[in-house]
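Below is one structure; the comments refer to it alone.
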Amino acid sequence: SHPLLCPPGIKCGGVLSAPSGNFSSPNFPGLYPYETECTWLIVVAEGSSVLLSFSHFELEYHDTCAYDYLQVYNGAARDRGNLLGTFCGHSPPPPFSSAWHVMAVVFRSDRHVAKHGFAAAYRKDACGGQLTGLSGEITSPRYPESYPNDAECHWSIGGASGGGPLTLVFADFQMEGGQGCGFDYVALFDGPTVTAPHLGRYCGSARPPRTISSTPHLLIIFKSDFNIGGRGFKAHFYSAGECQEVFTTIKGNFSSPQYPNFYPNNLKCQWSIQLPPGYRVKVFFLDMELEGRSSLTGGCDYDHLSAFDGGTENGSLLGQWCGRESLAPITSRSNRVLLVLHTDRNTARRGFSISYVGVVPMNVSCTRTDFHIQIPVQSLAQLERNRIYLGTPSCAAQVVGRNFKIHTRFDTCGTESQRRNNTSVIVSTLYIDFSVGDQEDIHQYEVQCEPKKKEASVTLIAGPDTSRLSQAENLVDAQQWEGEAIDAPEIKSQDTSDIIFISICILAGLLMVIAVVGLVLL
């Protein structure tokens, strides 16, 4: 059969800027042509949204829509962070409401099998609608100008594939107040209809609290009476499934939503790591690709990932990153870390993959001949003492009071002498075995002593994935529980610390002999 060509005069794509309108696949209701690609960009008044619906839909079917397909974007086309869905076959897409005033539709056909295509209608929907996708933004009518009187808007959020509970955050809120919010108000429901449990009713100028639904659906109703208005509100929502997580295990990993595919736009995601008191958190960046820095300011003004010490955004900033970077690990000073991902309304990227490990609280000290290691039992409450050992399993910890203790001489337990930065140090490896069943999970810490100064330190050298840990980072100093990075090749020596003192004596003897010979020759 011969390919169908677009007859002259058939419209395919374009900019649709009227308040409402219709469009369809080429030749509709006839068969659409082969090898065709059309993009419709719908642009309505700013502050409004676009309501899009399909009255007919019939495309070639494929289980991943790899042949003929229709794509709907919550904003400009081809930005994968804006993609609301890809559709084919006979099941029409659901009605869509955009999160802002721009929506794009892309239709593509391949060189085989043509169907009747689709017919769609859109209208400017300044108030309410069905919102799908992992994230979006809603505003009261005419925001930030004063909203109209006698308005009633219903936004039903949900239905995104794989969506979890929804989080709603109000960025701005200013409405008529009053006892019981009987005049103008915003009401929230934990489901798709007003019969769902009531989550709150708000008015006045105090921003409503962050709200998290218990289902993948949320209904928002805005109502105004016949007089006295206000600026209204702006709020954004996101699916909390991949975007709002709390970790309490000693190690773990997580990634941006939809990783390694492009993350959605307009997100604020939070990952909270909360470990037992005394622990610190070491975070490893396995992969990172976000939208790049601003060409104007050089800063991470668009999409960025931030880390805060202490578990809240009021804590000290451990770092803020964007673009495509290979990052060194970071270590907290407390037992809690909060990571926050902000994305704006365009230009998405692959995102990130992160792992973390809890740094076990321990006190390491040394003399000229011995290591002393002490770990609170409550930090490793689930472990037997033989799971904690220095160098070899025969040098296991003892339980003394409320602590695991290891007290050992330098000439035992796999200890060796090394030279680092022109200084002789004694080094060994402390093993903490968290393995369960067949899952091996052994954390390794390098303990180090400088005998002359009697100063000890400890370094996490293997945690979540040893192949990733190319850099050792000093974590605990004997006195201050902090130190500086160690980055030195391992130089093995056959001697221990006793040999160091003997060597000094021999060197002094040789110098005396040389001096005596020199005097005789003179």
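The values are calculated or read from the model by the stated rules, or taken from the named source; none is laboratory data. Values in this document were obtained by computation on a predicted structure and should not be read as measured data. Reconstructed Cβ throughout: ideal geometry from the backbone, glycine too, with neighbour counts over all protein chains shown. To get the accessible areas, we keep the full protein, side chains included, count just its heavy atoms, and leave off ligands, DNA and RNA. Shrake-Rupley method; radii C 1.70, N 1.55, O 1.52, S 1.80 Å.
Odds and ends about this structure:
- Rel. contact order, % - alpha carbon contacts under 8 angstrom, at least six apart, segment 244-359: 44
- The candidates Leu286, Leu131, arranged from most to least accessible area with a 1.4 Å probe in the full protein assembly, appear as Leu286, Leu131.
- Phi-based couplings in Hz for segment 401-416 (Karplus 6.51, -1.76, 1.60; Gly and Pro marked x): x, 9, 10, 7, 10, 10, 10, 9, 6, 5, 8, 10, 6, x, 6, 9
- Leu383/Asn346 FRET efficiency (R0 60 Å; Cβ-Cβ; nearest 0.05): 0.75
- Rounded to the nearest Hz, the phi-derived 3J(HN,Hα) couplings of segment 350-363 under the Karplus curve 6.51 cos²θ - 1.76 cosθ + 1.60 (θ = phi - 60°) are 5, x, 9, 10, 9, 10, 9, 9, x, 8, 5, x, 8, 10, where x marks glycine and proline.
- Near the amide H of Ile330, within less than 5 Å, lie the amide hydrogens of Val283, all on another chain or at least 5 residues away, with H placed in the peptide plane.
- Bridging of Lys234 to lysines at a Cα separation below 16 Å is possible for Lys223, Lys268, once same-chain residues fewer than 8 apart are set aside.
- All C-alpha to C-alpha distances of segment 13-125, sorted into 5 Å bins beginning at zero, yield P(r) values of 2, 13, 24, 25, 19, 10, 4, 1, 0 percent in whole numbers.
- Each residue of segment 104-113 was assigned a 3J(HN,Hα) from its phi angle through the Karplus expression (A = 6.51, B = -1.76, C = 1.60, θ = phi - 60°), giving 10, 10, 10, 10, 9, 10, 9, 8, 9, 6 Hz with x at Gly and Pro.
- Positive minus negative residues near Asn227 (Lys, Arg vs Asp, Glu; Cβ under 13 Å): -4
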